[in-house]
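Bear in mind these aren't lab numbers, they're just calculated from the coordinates by the rules spelled out. These numbers come from a predicted model, not from an experiment. Here the Cβ is made from the backbone with ideal geometry for all residues, glycine too, and neighbour counts use every protein chain on show.
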Amino acid sequence: GNLEHFHGYPWLIRSSNRPWLIFGVTSLIPVGILGIFTWLMLGTTSESEQHFILVQAFTLVFDLTVGGTALVWVTSRTVKRITRELSTGLNFLRQGKFDGHVAVMVDDDMGDLARGLNTALSGLKERDSLKDSLAIASDIQRGLMPRGEPIIAGFAVSGFQKSCYSVGGDYYDYIQRNNGSTWLIIADVAGKGYPA
C-alpha cells in the first residue's frame, strides 16, 4: 500500500520494529483489555454482569487468536514476497540481465534495498551500453588514423597514438597536397575518454 502518510513515524514502518508492533497488537493490548475485564468482574457481585464480562473476555480471546493468526500470516506472506523479489533482483545481477526490475513493495529498509537493486541494475545496464559505445568510438578513432606514413624526401616520418582510456581525443594525420607538399597534423581535444 501507499505508506506516504507514515513518513512522520519512521519507527512504525521500519521492518526491524514490525515484530514488536505485532507483539503489541496481538499480546500487550489484549492482555491489558483482559486485565480490565478481570478487574470489572472482581468489582461486581451480579452473576449476569460477571457472565456478560466473561463472554466478552472469551470473545476477545477468540478474536485475538483469529486476528493474530491472520496478522502473522499476512506479514509472513509479505516478507516472503519481498525476499522472493529481492532474490530475483540478485539473480538478474548474477546472470548479467541488467534490464531487469525489482518491485518495491514496502517503504522501509527492505524498500530501500529494492530501490538500491534497481539503481544498481540500471547503472550496470547503462555501463554495459556505454562499454559498447566505447568500443564503437574506439573503432571510429582507429579508422580516423592514417594507414601508413608518407614518404618525404630527407625525412623519416612515423606516427603513433595510444589513449590512456579505450578512446580519447588524440588525433594525427598526414595530408598530401596537390603541390607535392605534406601537412603533418597533430590535434588533442581537451579531456579524456568518451566525451573527448
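If you filter the stretch 108-194 for trypsin sites (Lys or Arg not before Pro), then keep DSSP loop positions with at most 13 other Cβ within 10 Å, what is left? List each step's numbers first, then the result.
Values: sites: R115, K125, R127, K131, R142, R147, K162, R177, K192; in loops: R147, K162, R177, K192.
Answer in residue order: R147, K162, R177.
Find me the longest stretch of the chain that has none of the exposed chymotrypsin sites (Phe, Trp or Tyr not before Pro), where exposed means in a DSSP loop (not H, G, I, E or B) with at most 15 other Cβ atoms within 10 Å. Present the calculation step by step, with values, prior to reporting the outcome.
On the way: sites that count: F160, Y165.
The reported range is 1-159.
Pick out which of N179, N118, N91 has the largest mean-square fluctuation in a Gaussian network model of the chain, springs linking Cα atoms closer than 10 Å.
So, out of N179, N118, N91, the one fluctuating most is N179.
So how strong a dipole does the stretch 106-196 carry about its Cα centre when Lys and Arg Cβ are +1 and Asp and Glu Cβ are -1, to the nearest 20 debye? List each step's numbers first, then the result.
Working: 9 positive and 12 negative charges, 129 e Å.
It comes to approximately 620 debye.
How far apart, in nanometres, would the label points at V25 and Y174 be if each is projected 7 angstrom from Cα along the Cα-to-Cβ direction?
Distance between label points: 8.1 nm.
Gain in length, L42 to I185, computed as 0.36 nm per residue apart minus the alpha-carbon separation, to one decimal in nm?
Numbers: separation 143, 0.36 × 143 = 51.48 nm, distance 10.41 nm.
Fully extending the segment from L42 to I185 adds 41.1 nm.
Just need the relative contact order of the chain here, percent rounded to a whole number, with Cα pairs under 8 Å and 6+ apart.
Values: 156 pairs, mean separation 25.5, N = 196.
So the answer I get is 13 percent.
Among I185, G148, T44, flag the residue with its Cα farthest along the positive direction of the charge dipole of the chain, charges on Cβ as +1 for Lys/Arg and -1 for Asp/Glu.
It is G148, whose Cα lies furthest towards the positive end.
For H101 and D132, what does the FRET efficiency come to when R0 = 25 Å and r is the distance between their Cβ atoms, rounded to the nearest 0.05? Don't jump to the answer; show the numbers that get you there.
Numbers: r = 21 Å, r/R0 = 0.83.
It comes out at approximately 0.75.
Over the stretch 80-196, what relative contact order in percent results from Cα pairs under 8 Å that are six or more residues apart? Mind showing how you got there, number by number?
Values: 119 pairs, mean separation 19.3, N = 117.
So the answer I get is 17 percent.
Assigning unit charges at the beta carbon (Lys, Arg +1; Asp, Glu -1) and nothing else, what dipole magnitude in debye, to the nearest 20, does the chain show about its Cα centre?
Working: 17 positive and 18 negative charges, 150 e Å.
My answer is approximately 720 debye.
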